[in-house]
Amino acid sequence: MKLEVIAKYQEKFEKVAHNQDNTEYWLARELQELLGYSNWQNFTKVIEKAIIACTNSGLKEKDHFIGVQKTIEMPKGGEREIDDIMLTRYACYIISQSGDPRKEQIAFAMSYFALQTRKQELLEKRINEVERVRARKKLTATEKELSGLLYERGVDNRGFGRIRSKGDRALFGGNTTSVMKYKLSIPKNRPLADFLPTITIKAKDFANEITNFLIITDFVEIVITLFIMNYIKYKGKKSVKNPFNPCYLRSY
């Protein structure tokens, strides 16, 4: 395909691209003309095949094919509502895959949307990687802060390791750090967080921030003091089986 032909098609395809709330989409009736389909009913059959391919890939139809109504002007005046479909870049790609590649415009569309889809995939992957690195660095900072706070209160490295393992057990449904490393085939000398998904790293970081806040505000010392006060207040009452029951804190 000659360069001038490529440039011509590229201009046409980009001209009919729409953007709403930073989301790019195409309209099926406009794509129909670009791909050289003269009949809408014939083109809808191609779209139906694309929808099947989309769902077979494990994707949701409504995420890539959205039915809409469009108003058009009639030749003799007046207006009429017609059906149309909003298409994502990926939807356009699989629609073009169903066409005849011997047709010049379809051959271009296959390459155009494949390239654009791959660019989007690479961009999303890069964004996810950056977000994960940022979350991992933040977790390291909160763990360092927690370690320092505990050290000031007499907790050594082994104690900190036990505390962190208890936190992992609460986060991973009773599984300790070592158990999670075994399940995920993580080397013993590598931190568990290096292999966790971004959302889990953020959960660990959030838990650390809460713990740091409670320590800084001496919340633990306050609770212990209240428990002691409860004991002193209720030690003479035989009906009280457990003077350290948190429900007695309501009186304070």
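The values are calculated or read from the model by the stated rules, or taken from the named source; none is laboratory data. Just so we're clear, the structure is a prediction, and the values are computed from it rather than from any experiment. Note that we place each Cβ from the backbone using ideal geometry, even for glycine, and neighbour counts take in every protein chain shown.
Points worth noting:
- With a requirement of 1 or more residues that are under 38 Å from the mean Cα position of the chain (by Cα), surrounded by 12 or more Cβ atoms within 10 Å (Cβ to Cβ) and at pLDDT 80 or above, the helices (runs of 4 or more DSSP H) lying completely within the stretch 148-252 that satisfy it span 157-171, 177-183, 198-216.
- Pairs linking a residue in the stretch 157-168 that is without any contact (Cβ under 8 Å) to a residue 60 or more places away in the chain and within 14 Å of residue 145 (Cα to Cα) to a residue that is in a helix (DSSP H, G or I) and small (Gly, Ala, Ser), with Cβ atoms under 7 Å and 6 or more positions apart or on different chains, are 160/147.
- Candidates 49, 76, 8, filtered to the one that is surrounded by fewer than 18 Cβ atoms within 10 Å (Cβ to Cβ) and in contact with a Ser or Thr (Cβ under 9 Å, 6 or more places away or on another chain): 49
- Residue among 148, 174 that is at positive phi and either out of contact with any helix residue (DSSP H, G or I) (no Cβ under 8 Å at 6 or more places or on another chain) or of a type in the set (Lys, Arg) (or both): 174
- Unmet requirement for residue 54, which otherwise passes all of (1) under 27 Å from residue 6 (Cα atoms); (2) buried (at least 16 other Cβ atoms within 10 Å of the Cβ): (1)
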